[in-house]
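The values are calculated or read from the model by the stated rules, or taken from the named source; none is laboratory data. The structure presented is a predicted model; accordingly, all values stated were derived computationally and were not measured. Neighbour counts run over all protein chains shown; Cβ positions are idealised from the backbone, glycine included. The accessibility values were calculated without ligands, DNA or RNA, using every heavy atom of the protein model including side chains. Shrake-Rupley method; radii C 1.70, N 1.55, O 1.52, S 1.80 Å.
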Amino acid sequence: MVLDAKSEKLSQELKDLEAQTDNELKDRWRGLYGTKLPPKIHRSLLVAAIAHRIQEKALGALKSSVRRHLIQAVNNPATCRPSTGHLSPRPRAGTVLVRDWGGVTHQAQVLEDGIVFRSQRYKSLSEVARVITGARWSGPLFFGLRSAKEQNHGTP
């Protein structure tokens with residue numbers, strides 16, 4: 001129950017950002033980032049950056065190792081190799097998978113013997129992907145656990 005109230009508060013705080021004035025958003029930026037606002041930043045990017053920081057503070061940020069890997073990938077994409085140990089086609093029980101589709105964020109929780117989506121139990125991620133899209137999908141591909149290349153070549 002406490003988690004639900006916390007989630008609702010966070011959700012409302014994020015929704016309220018759109019209604020804030022430019023000056024309120026600038027003040028919010030300075031409070032969250034402790035820096036001056038970048039010059040000529042578009043309002044939509046400002047709102048997204050503030051929302052990101054609010055969520056980081058509420059839910060936690062990326063591990064420093066992941067952040068370093070992302071920075072390296074941006075700075076030198078030619079030397080960045082995908083890690084084979086991070087993505088698994090069979091996530092552990094308790095994992096919550098998130099996918100945006102059709103402007104809606106969908107969450108599915110992995111169980112020992114299936115998947116829970118919208119309070120319904122399914123046997124596989126592919127069933128959940130079909131409910132979301134209305135079409136046949138590979139569940140691991142839809143939820144980003146496999147790339148299309150891996151899917152086509154049968155690589156685990």
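What the table below lists for this structure:
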item: The listed residue being within 26 Å of residue 145 (Cβ to Cβ) and modelled with pLDDT under 90, out of 61, 5; result: 61
item: Selected residue (criterion: surrounded by the most Cβ atoms within 10 Å (Cβ to Cβ)) from residues of the range 3-32 that are within 22 Å of the chain's Cα centre (by Cα) and of a type in the set (A, V, I, L, M, F, W, C); result: 29
item: Selected residue [open to solvent by 90 Å² or more (accessible area, probe 1.4 Å) and within 21 Å of residue 96 (Cα to Cα)] from 40, 36, 63; result: 63
item: Residues that are more than 22 Å from residue 59 (Cα to Cα) and surrounded by 14 or more Cβ atoms within 10 Å (Cβ to Cβ), drawn from the range 93-115; result: 114, 115
item: Selection from the range 17-44 of residues that are among the aliphatic types (A, V, I, L, M) and modelled with pLDDT under 90; result: 37, 41
item: Hits in the range 1-28 - residues which are in contact with a helix residue (DSSP H, G or I) (Cβ under 6 Å, 6 or more places away or on another chain) and of a type in the set (A, V, I, L, M, F, W, C); result: 10, 14, 17, 25
item: Residue under evaluation residue 14, criteria (1) modelled with pLDDT under 90; (2) of a type outside the set (Asp, Glu); (3) assigned to a helix (DSSP H, G or I), criterion not met; result: (1)
